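Report on the following structure.
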Amino acid sequence: MHQSQIILFSAVIAFLAFRLYQKYIKKDKGKSGTETKPSSGSSFPSSSKDEDYEPYSKK
């Protein structure tokens, strides 16, 4: 292989590695974004049954 072929080959490999890196980083960010979205606002589910519950009322 000539020097120009080696440089071209290494540039193509570096470009492909960078694209794969971007793909997996974007996938990981997508997962973490969807995991935190359902718990926006309050960490407790809001339902009327849970609001009526009083643990120390001895009903």
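The values are calculated or read from the model by the stated rules, or taken from the named source; none is laboratory data. Keep in mind that this is a model prediction, so the values were computed, not measured. Ideal geometry is used to build each Cβ from the backbone, glycine not excepted, and the neighbour counts take in all protein chains shown. For the accessible areas, the whole protein counts, side chains as well, though only heavy atoms, and no ligand, DNA or RNA atoms are used. Shrake-Rupley method; radii C 1.70, N 1.55, O 1.52, S 1.80 Å.
Sorting K26, K58 by accessible area puts them as K58, K26; the probe is 1.4 Å, largest comes first, and only protein heavy atoms count. In this simple spin-label model, placing a label point 7 Å from the Cα along the Cα-to-Cβ direction at both S4 and Y21 gives a separation of 2.8 nm.
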